[in-house]
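The values are calculated or read from the model by the stated rules, or taken from the named source; none is laboratory data. A quick note: this is a predicted structure, and the numbers were derived from the prediction, not measured. Cβ atoms come from the backbone with ideal geometry, glycine included; neighbour counts cover every protein chain shown. Keep in mind that these areas ignore ligands, DNA and RNA; they rest on the heavy atoms of the full protein, side chains included. Shrake-Rupley method; radii C 1.70, N 1.55, O 1.52, S 1.80 Å.
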There are 2 protein chains.
Amino acid sequence: MKRYKDLSPSPRIILTPGPVEVDPRVSRALSYPMLGQFDPEFTALMNETMQMLRELFRTSNRWAFPVDGTSRSGLEAVLTGLIEPGDRVLVPIFGRFGYLLAEIAERCGAEVVTIETEWGTVFDPGEVIDAIDRLKPDLIAIVHGETSTGRMQPLEAIGRACRERELLLIVDAVATIGGVPVETDAWQLDAVIGGTQKCLSVPSGMSPITYNDRVEAKLMRRKRIEKGIQPDGYIEKDPSLFIRSNYLDLTQLQDYWSPQRLNHHTEATAMLYGLREGLRLVLEEGLEERFARHRLHERALVAGLEAMGLTRYGDDSCKMPVVTCVCIPSNVDGEAVRSQLLADFGIEIASSFGPLKGQIWRIGTMGYSCRKSNILLGLAALEAVLPLHGASIVPGAAISAALVIYAEGAKPDA
Amino acid sequence: MKRYKDLSPSPRIILTPGPVEVDPRVSRALSYPMLGQFDPEFTALMNETMQMLRELFRTSNRWAFPVDGTSRSGLEAVLTGLIEPGDRVLVPIFGRFGYLLAEIAERCGAEVVTIETEWGTVFDPGEVIDAIDRLKPDLIAIVHGETSTGRMQPLEAIGRACRERELLLIVDAVATIGGVPVETDAWQLDAVIGGTQKCLSVPSGMSPITYNDRVEAKLMRRKRIEKGIQPDGYIEKDPSLFIRSNYLDLTQLQDYWSPQRLNHHTEATAMLYGLREGLRLVLEEGLEERFARHRLHERALVAGLEAMGLTRYGDDSCKMPVVTCVCIPSNVDGEAVRSQLLADFGIEIASSFGPLKGQIWRIGTMGYSCRKSNILLGLAALEAVLPLHGASIVPGAAISAALVIYAEGAKPDA
């Protein structure tokens with residue numbers, strides 16, 4: 001008698017800002033047999049993954065590797081390594097995940113200073129630079145793509161200003177990496193944190209990061225080798241300098257990812273297989289081609305939603321190409337619509353957080369989920385379901401509008 | 001042109017203390033399509049996994065769930081949640097992973113006090129209890145199965161003593177859970193941390209934990225709800241109380257694992273599928289039957305090694321049933337033997353750390369790797385390879401000796 005049934009998850013069309021569907025090639029990679037963590041075949045895969053991550057992040061940084069945890073483990077690894085208690089950290093906030101950066105920084109012992117702008121917009125880079133000059137932080141941490149509002153912050157001018165002032169700039173690119181350009185070196189970003197379960201279309205559970213020599217120099221001041229594996233003659237540092245986490249200590253993680261392979265955790269074998277395959281898919285497609293694909297399907301989705309008569313939330317000039325926020329019509333129960341989409345059509349779209357809860361739906365078009373059939377099925381289902389929940393929409397127009405975009409093909413953006 | 005080749009890891013026989021081979025059913029589970037994190041089908045799988053973990057840990061604790069990270073993320077989650085800066089933490093050390101507990105506790109701001117015993121032995125429980133009464137710690141953290149030396153610490157008397165003194169006892173059962181008895185409730189263990197990649201035979205990347213109401217009460221004094229999702233009327237606590245990690249904050253993790261489902265990280269979908277399937281396999285086999293299987297194969301391995309004339313390391317009375325430590329014969333290059341076993345036979349055995357590096361091999365018999373064909377192939381390969389590296393062994397006796405044990409069947413231990 002089996003008390004727990006065989007696993008058999010229902011097939012889903014996942015149009016949320018993550019976790020999204022994964023390519024069957026990634027699923028297959030996850031299922032390959034184990035290698036030991038110091039097996040030369042496995043360390044070769046680790047090295048290849050580092051090289052692929054450099055290409056993904058568009059960087060020549062030495063350090064580019066995944067942290068073994070979900071996206072916020074990568075954010076916390078970078079912040080807890082760089083923040084010494086009492087450091088002043090500036091977090092410009094334009095949505096929920098800005099609050100998360102501030103929250104993590106506070107727990108690392110930072111004096112956190114924030115500036116905020118209206119949700120649905122982003123900062124003019126000048127505002128951030130003025131705040132830097134006024135508040136004189138030691139570090140700046142900012143979100144690139146804020147999925148809670150669907151907005152994307154331009155970073156190039158902020159990166160230049162930070163470099164001129166010799167300030168470290170930490171960027172949360174969890175929701176943008178692999179879907180839209182993230183130019184680590186060209187934009188002078190000192191540390192960038194990505195996520196797997198969004199535009200990379202790999203299951204949640206790893207956080208790819210990269211950081212440059214400036215970051216490494218700051219980290220190394222705090223480096224500590226564990227008791228039990230300390231070499232002879234090792235001199236202990238002042239304990240107040242120690243990085244507060246062992247699990248997320250980047251100075252130890254980078255030793256583990258270096259040819260030295262100093263033992264730390266046991267690398268997550270199956271997830272590493274999956275990440276490597278996800279990165280191969282990204283690089284085979286080509287970064288520019290992948291970004292263009294995300295823009296094409298976004299345009300088709302937006303055209304369909306507009307034809308239906310739905311209103312988009314937020315400032316279009318800073319819209320994330322991979323998340324489209326739709327205002328829930330005033331007489332409609334947004335959660336009831338979501339539930340019916342899932343139960344009857346197997347389609348998942350997202351709600352949002354805090355002040356936007358019940359106000360908007362968020363439709364993600366990320367990675368493997370971002371394909372023509374999903375866009376058309378999503379629009380068709382929404383068009384069918386909305387009138388059942390009291391929405392008055394224009395019937396019969398959405399699919400045609402989307403198909404017009406597809407017929408035009410992957411025309412470059414204006 | 002493909003720059004990165006198709007993934008095709010060579011088949012391996014993994015006889016290390018982890019990561020070990022995984023059952024094909026677990027591999028298949030990893031490859032199933034994604035569900036959204038709040039999809040009712042997925043939250044049902046989360047709830048089932050909690051129930052299975054309670055059975056695994058032999059507890060009626062409310063809280064039993066995986067932390068999304070490798071084993072030490074679970075250790076750190078428990079320690080960073082329970083240790084307030086300045087707390088005195090006692091760590092009895094009998095190998096490398098005791099040092100790790102001390103290391104993590106120090107970084108959490110604890111005043112760490114340690115007692116040590118010779119590697120290859122464990123503590124008489126009375127020594128630990130004396131140390132408790134002498135050093136008056138706020139918490140005790142101890143390793144159950146110390147893979148660096150292959151020894152296992154009896155915990156029942158220590159658990160009873162801690163409960164009598166109203167002290168919290170934290171147990172690292174990373175290497176023992178699912179392979180030998182870990183009696184959370186019967187032994188009065190307050191928090192227990194397991195690993196996936198050892199006796200559970202699930203890939204590395206999750207750390208199942210459980211803790212009781214006494215632990216929860218201490219954690220809740222420090223609970224903080226993130227900005228961005230705080231309810232109206234929320235009153236902020238003194239920041240000096242905050243748990244230092246957001247990612248590993250158990251008060252937030254338990255909200256995420258409760259019916260409330262308050263958003264924290266995005267649960268690692270594929271790994272959760274794999275853990276659930278690994279736990280199903282454990283429970284289908286039966287815990288007692290599984291422990292007996294581990295003992296049987298250990299006996300066969302030990303008989304074979306003895307017949308070959310090899311010497312075991314350490315005190316047999318506290319040997320871990322799932323790790324067998326073998327002294328490297330004095331004229332033999334232990335790493336050369338390991339390399340040939342891997343290169344020519346596809347068999348991996350382990351070396352050890354610190355003072356035991358180059359002194360012993362460690363042969364793991366864990367989970368799916370712990371089966372008759374692996375034991376016999378491992379013995380045959382070792383017998384073939386050792387003479388090539390200058391070891392003088394008794395030839396032709398090991399397999400017969402192991403087969404005698406198998407012929408006797410799963411006879412209970414004396």
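So the values come out like this:
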read-out	value
Positive-end extreme of charge dipole, region A:130-288 - chosen from A:I193, A:Y234, A:I140 (charges on Cβ)	A:Y234
Environment charge of B:G86, counting only residues whose C-beta is closer than 10 Å and scoring Lys/Arg +1, Asp/Glu -1	-3
Buried on assembly, region B:64-83 (at least 10 Å² less accessible surface than by itself, 1.4 Å probe)	B:D68, B:G69, B:T70, B:R72, B:S73, B:E76
Inter-copy separations for B:Q260, label at 7 Å along Cα-Cβ, nm, ascending	4.2
GNM top mover of A:R12, A:R362, A:R293 - chain A, alpha-carbon springs below 10 Å	A:R12
Formal net charge of residues neighbouring A:D185 (Cβ-Cβ distance under 14 Å; K, R +1; D, E -1)	+1
MRE, 222 nm, helices only [DSSP H, n ≥ 4, -39500 (n - 2.57), over the protein assembly as shown, to nearest 500]	-12000 deg cm²/dmol
Whole-Hz ³J(HN,Hα) from phi, Karplus 6.51 cos²θ - 1.76 cosθ + 1.60, for region B:63-71, glycine and proline x	9, 8, 7, x, 8, 7, x, 6, 3
Spatial extent of region A:220-357: Rg and Dmax, with the Cα atoms as the point set, Å	24.2, 72
Per residue, in Å², the accessible surface of region B:286-408 once ligands and nucleic acids are set aside, probe 1.4 Å	39 Å²
Cα centroid separation, region A:148-210 to region A:9-46 (Å)	23 Å
Surface accessible to a 1.4 Å probe, per residue, for the residues of region A:22-282, Å²	27 Å²
Averaged over B:91-102, number of beta-carbon atoms from partner chains that fall within 10 Å	2
Position A:E183, label points 7 Å along Cα→Cβ, spacing to each other copy in nm (shortest first, one decimal)	6.6
Principal axis box of region A:312-414, alpha-carbon based, largest edge first, Å	36, 29, 26
Dimensionless Rg ratio for region A:22-282, taking C-alpha atoms and the 2.2 N^0.38 Å reference	0.99
Where only C-alpha atoms are counted, convex hull volume of the protein assembly as shown per residue in Å³	157 Å³
Peptide B:14-24, shielding by other chains (average Cβ, 10 Å cutoff)	3
Accessible-area composition of region A:287-408, carbon plus sulfur, in percent [1.4 Å probe]	55 percent
Highest-MSF residue in chain A out of A:A381, A:A217, A:A131 [GNM, Cα springs under 10 Å]	A:A217
Computed label-point distance, nm, for sites A:S258 and A:R221 using a 7 Å Cα→Cβ extension	1.9 nm
Protection-proxy order for peptides B:163-174, A:187-198, B:249-260, A:145-156, each taking the mean of Cβ atoms within 10 Å per residue, highest first	A:187-198, A:145-156, B:163-174, B:249-260
Per-copy distances of the B:T121 label point, shortest first, in nm (7 angstrom along Cα→Cβ)	7.2
For the pair B and A, total buried accessible area rounded to nearest 100 Å², probe 1.4 Å	7300 Å²
Distant-in-sequence amide H partners of B:E111 (H built 1.01 Å from N, under 5 Å)	B:G86, B:D87, B:R88, B:V89
Interface residues, region B:242-256 - accessible area loss of 50 Å² or more versus chain alone, probe 1.4 Å	B:R244, B:N246, B:Y247
For A:103-114, mean number of other protein chain Cβ atoms within 10 Å	3
Share of carbon and sulfur in the accessible heavy-atom surface of region A:22-282 [1.4 Å probe, %]	51 percent
Among beta bridges that DSSP assigns inside chain A, antiparallel share in %, nearest 5	50 percent
